Amino acid sequence: MEQKVLIASEKYEELDAYFDENNIRSVLLVCGKSIQFLEIGNYFDRLKQRKGIEVVRYDHFQPNPLYESVVDGVRLFVEACCDSIVAVGGGSAIDVAKCIKLYADRDYDDKKVYFPDRDIIPNKIKILGIPTTAGSGSEATRFAVIYYKGEKQSITHESCIPDTILMDAGTLTTLPLYQRKSTMLDAMCHSIESFWSINSTPQSREFSRTALKMILNHMDGYLSNDREANAKMLEAAHIAGKAINITQTTAGHAMCYKLTSMYGIAHGHAAALCVKEIWAWMLCNMDKCIDLRGCAYLRETFHELSDPMGCACAEEAAEKFKDIIRKLEMAIPEATETEYEMLCSAVNLIRLRNNPIALDGDDINMLYHRILRKSNFPVS
């Protein structure tokens, strides 16, 4: 599917055209509560009056959204006779919207389990994604994450990718500094992990390389809330999302999920803490390569990765990433031995299999001890 990308104008004329061209009369608006502070929120508030399009708002979900939120969203879509979905928000909002799209054409029954044990049947419900953070890249991927009975479920299907997205740099202006840093780091980790993934391709590497260069070139302006830099970071996160749509993520993401729930830190923050230690460790453990293209290929991969990082060699690139985390002052939790055991047992094995260097239980335990050294905490 060729995804259409719209760039927001001051009055969102391109959204008016999108609704007209697709004959849309009733929209399920899946959005975070922060939409009330954004100009895009005003657009949807006025849409019925201006164009007669019903807007059914749905914001009953949380970060790390639950299965029940999808079921409620499906019920609302069906009962309100919506004919399309618009997702405005970060990764959670877009993931919920993608799951609603996958199941919203079925007869609603809140006693049915829509996933993970039901086949997905593609439908023609249109979904428009409007990311409000430059991080997750969810608007570009076939993946969605939902928690069912306390367990993380990765839903995967090509048909859930939004057919159209709107890039609106104005949505980033109210983003708090900590979320700004964390989402940027998530996009950066996507670029890095995708580059060395065993599933990498020439196309995915080009996406990774482009995104990583854009992130580094516009980091200072983005952190200062410069509008042009915001637009570039939004684009970079989207391109990084296209990279992981091909390759998926690796050990950095496999090991970060429990950090987020256990210590209350943002996903991108947790991923970056993991990647900064895993990267350096992998450079010293090439003999454990599991990429079928071989150890020489993997060494060259790490060398090539140093170029978009603006470095001369692989070791320098890994150290530069560590330095970025230090300069951003990303706090590091302190773990107890019991917590180390919990973290080791919660590693996402699917993501781990994409890593080019094999990790056993002892490696994972050692890495968590490197990742979680003593530090001031909590996050400020």
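The values are calculated or read from the model by the stated rules, or taken from the named source; none is laboratory data. Treat the numbers as computed from the prediction; the structure is a model and nothing was measured. We place every Cβ from the backbone using ideal geometry, glycine too, and count neighbours over all the protein chains shown. Surface areas here come from the heavy atoms of the whole protein model, side chains and all, with no ligands, DNA or RNA. Shrake-Rupley method; radii C 1.70, N 1.55, O 1.52, S 1.80 Å.
Structure summary
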{"read-out": "FRET efficiency for ASP20 and THR338, using Cβ-Cβ distance with R0 set to 51 Å, rounded to 0.05", "value": "0.30"}
{"read-out": "Angle between the chain longest axis and helix 39-51 axis [Cα atoms, degrees, rounded to 10]", "value": "20 degrees"}
{"read-out": "Quotient of C-alpha Rg and 2.2 N^0.38 Å, computed over the stretch 178-297", "value": "1.08"}
{"read-out": "Prolate/oblate/rounded label for the stretch 77-208 (Cα gyration tensor, a/c 1.5)", "value": "prolate"}
{"read-out": "Loop-resident sites, the stretch 253-323, for trypsin sites (Lys or Arg not before Pro), counting at most 13 other Cβ within 10 Å (DSSP)", "value": "ARG293"}
{"read-out": "Inter-centroid distance (Cα atoms) of the stretch 1-69 relative to the stretch 278-331, Å", "value": "40 Å"}
{"read-out": "Nearest-ten-degree value, helix 91-103 long axis tilted from longest Cα axis of the chain", "value": "60 degrees"}
{"read-out": "Mean separation of Cα contacts under 8 Å, 6 or more apart, over the residue count of the chain: relative contact order %", "value": "14 percent"}
{"read-out": "Choice from MET366, MET255, MET219 showing the highest fluctuation, given a GNM over the chain with Cα pairs closer than 10 Å", "value": "MET366"}
{"read-out": "For the chain, share of DSSP beta bridges that run antiparallel, in % to the nearest 5", "value": "25 percent"}
{"read-out": "Length gained when the stretch GLU329-GLU316 is fully extended (0.36 nm per residue, less Cα-Cα span)", "value": "2.7 nm"}
{"read-out": "Label-point gap, in nm, between GLU304 and ASP287 - each point 7 angstrom along Cα→Cβ", "value": "2.6 nm"}
{"read-out": "About the Cα centre, charge dipole magnitude for the chain (Lys/Arg +1, Asp/Glu -1 at Cβ), debye", "value": "220 debye"}
{"read-out": "Cα gyration tensor shape for the stretch 287-380, rounded if a/c is under 1.5, else prolate or oblate", "value": "oblate"}
{"read-out": "Where labels lie 7 Å past Cα in the beta-carbon direction, separation of PHE37 and ASP119 in nm", "value": "4.6 nm"}
{"read-out": "25 Å Cα-Cα threshold exceeded, pairs from LYS4/LYS152; LYS258/LYS322; LYS152/LYS320; LYS152/LYS322; LYS4/LYS327; LYS124/LYS232", "value": "LYS4/LYS152; LYS152/LYS320; LYS152/LYS322; LYS4/LYS327; LYS124/LYS232"}
{"read-out": "Residue order for ILE7, ILE324, ILE290 - accessible surface, 1.4 angstrom probe, largest first", "value": "ILE7, ILE290, ILE324"}
{"read-out": "Dipole of the stretch 1-156 [Lys/Arg +1, Asp/Glu -1 at C-beta], most positive-end residue of PHE19, GLY41, LEU102", "value": "LEU102"}
